[in-house]
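J.: Attaching a single structure in structure tokens format; questions to follow.
The values are calculated or read from the model by the stated rules, or taken from the named source; none is laboratory data. The shown structure was predicted, so the numbers you read here are calculated from the model rather than taken from an experiment. Neighbour counts run over all protein chains shown; Cβ positions are idealised from the backbone, glycine included. When the accessible area is computed, the model is the full protein with side chains, heavy atoms only, and any ligands, DNA or RNA have been set aside. Shrake-Rupley method; radii C 1.70, N 1.55, O 1.52, S 1.80 Å.
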Amino acid sequence: MDKEVNPPIANNVIRANEDDSSTNKLVPAANACLGNQQGIRQVASSIHNKDDWEVVVSPNRTYASPTSASVSSQFHQSDATDEHHIKSAENYNWQSTKTTVKERFSYMFNNEILADIHFIVGRGESQERIPAHKFVLSVGSAVFDAMFNGTLATTVNEIELPDVEPAAFLSLLRFLYSDEVQIGPETVMTTLYTAKKYAVPALEKACVEFLERNLCSENAFLLLTQARLFDEPQLADLCLETIDKNTTEAFAADGFTDIDLSTLIVVLGRDTLRIREAKLFQAIQRWAEAECLRQHIPVSGENQRGALGRALFLVRFPLMTVEEFACGAAQSGILTDRETVQLFLYFTVNPKPSISFLDIPRSCMTGKELTVSRFSQVESRWGYSGTSDRIRFNTDKRIFVAGLGLYGSIQAEYDVALQLQTPSGSILASNHSHILCDGSSCTFRVMFKNAIEIQPHVNYTVSATLQGPDSHYGTKGQRRVVVDCPGGGKITFQFLYAAGHNNGTSVEDGQIPEIIFYT
């Protein structure tokens, strides 16, 4: 009984679909080099759903092509007694229709014509029998050359490859026969593994470039895991740079909790993360919960600590404020009682006791939390009618603004909305919160969700919109304030009037007495 075989794809003139923005959500497969096909099939679950397409890159063009499953078969193979004999008349004199060497070899791709070797690729129901030509494979790959022509050359007619996905192997063969790279989000990681296995660096490079083009904060952690798994240092470095620039978004991505412990340790050890340590601890707590579930153990503080191992000691607890520590890590159950007491003592006494956690600031936000105060005197009765209090400022060095200090009144609750804007009016950060004052004339803190990078010599505008009773306010404001930093450095702030509706706040009087920041 004849058996259908996939035909060649002549000319490959297919409608392009390159502008699919969904490719920005690439999620790679895992453990391909171990032959874990179940893990491999986790590739890019958030990319497709539009059309079954794959990217094809030839020397002269890039276009989209349907998968091989969508191409109807045109050639037939006879039974086992003469399986290599092609009976179809359509194959007669096929050479005359192919004017170049590339066309002739492309026609032989995945074709029984002159095939002298077969590969049984994959496992189970997805397994496929793929024809090939020893000469073509030997010319394109040193591994195949050794397999067919070396001192220990194989003599069998069929070679089993259970650790390779059929789609990835076909991508490899297509490249060896035609120089075309046909990859998509579903096949890129398995193709990368296959290209490495058979020493085809040009295809490997194309896979890495595909991943780099689709790298974003949402998939940076998963791609980093795969880059480390496949020993791709260039891709790994790009993933780490993306995590550094978009730390909060990367840690908030769904795929973060799926990474392995060694990758987590690599990232936590970096000095260039742009995130508060309190937020970082919340992220690793989520990872530890997920790891407990993967290990089928109860989610407890003790088990989370065991799952984290030495990764816990890469969180720089001393860089937290005492409030952040008290409300978060101190109540998590992950730290021991001794560690909790030591850290509370570190926050409150001098000299500081020795602790087991790093207190060296990360390079993007160094030093302790600092505050610049612009008023010399406090007065009473500053009213609110829905208009924002606003002030402009600039600095002579790069800083990271974390929040504002505001005035309140006696036992009053305020609804507060904060904003930080660029000179063009673009909103860099905003937050909304409710604050209960303690009755004193001291300021109360209202923080942004994340610290925002401020470039030197650029005029930014901060605003606070309060709803509540009359409050205290500041007078005798200073236009220029110099803040001494730990280690001997200085930061100079310049305050300027914000034109427009500002509820009366100016350089001399009003609200927003403090800016809370890191260097």
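J.: Could you please report the charge total around residue 117, scoring K, R as +1 and D, E as -1 over all other residues with beta-carbon less than 10 angstrom from its beta-carbon?
T.: -1
J.: Going down the table (368/490; 368/476; 245/449; 245/279; 279/490), which pairs top 18 Å between alpha carbons?
T.: Beyond 18 Å between Cα atoms: 368/476; 279/490.
J.: Between rounded, prolate and oblate, where does the range 413-519 land on the alpha carbon gyration tensor, with a ≥ b ≥ c its root eigenvalues, rounded for a/c under 1.5, else prolate if a/b exceeds b/c?
T.: rounded
J.: Please sort 386-395, 171-180 by packing, taking for each peptide the average over its residues of neighbouring beta carbons within 10 angstrom, highest first.
T.: 171-180, 386-395
J.: Let me ask another. How would 447, 320 line up by accessible area, probe 1.4 Å, largest first?
T.: 447, 320
J.: Per Stokes-Einstein, at 25 °C and 0.890 mPa s, what whole-number D in µm² s⁻¹ belongs to the range 310-371, with the Kirkwood radius over Cα pairs as the hydrodynamic radius?
T.: 201
J.: Please report the relative contact order for the range 96-214, taking Cα pairs under 8 Å with a sequence separation of at least 6, and give it as a percent rounded to a whole number.
T.: 24
J.: Just to confirm the filter: which trypsin sites (Lys or Arg not before Pro) across the range 413-519 are DSSP coil and have at most 15 other Cβ within 10 angstrom of their Cβ?
T.: 479
J.: For the range 96-214, what is the convex hull (Cα atoms) projected area averaged across all directions, in square nanometres?
T.: Over all viewing directions, the range 96-214 projects a mean Cα-hull area of 8.0 nm².
J.: So what is log10(I(q)/I(0)) for the range 177-326 at q = 0.17, 0.21 1/Å, when the Debye sum runs over its Cα atoms only?
T.: Treating every Cα as an identical point scatterer, log10 I(q)/I(0) equals -0.96, -1.27.
J.: Turning to a different aspect of this structure: Read phi for every residue in the range 273-286 and hand back ³J(HN,Hα) as whole Hz from Karplus 6.51 cos²θ - 1.76 cosθ + 1.60, θ = phi - 60°, with x for Gly and Pro.
T.: 5, 9, 7, 5, 4, 5, 5, 5, 5, 4, 5, 6, 5, 5
J.: Counting other Cβ atoms within 10 Å, keep those with at most 15, restrict to DSSP loop, and tell me which chymotrypsin sites (Phe, Trp or Tyr not before Pro) in the range 103-166 are left.
T.: Nothing satisfies the criteria.
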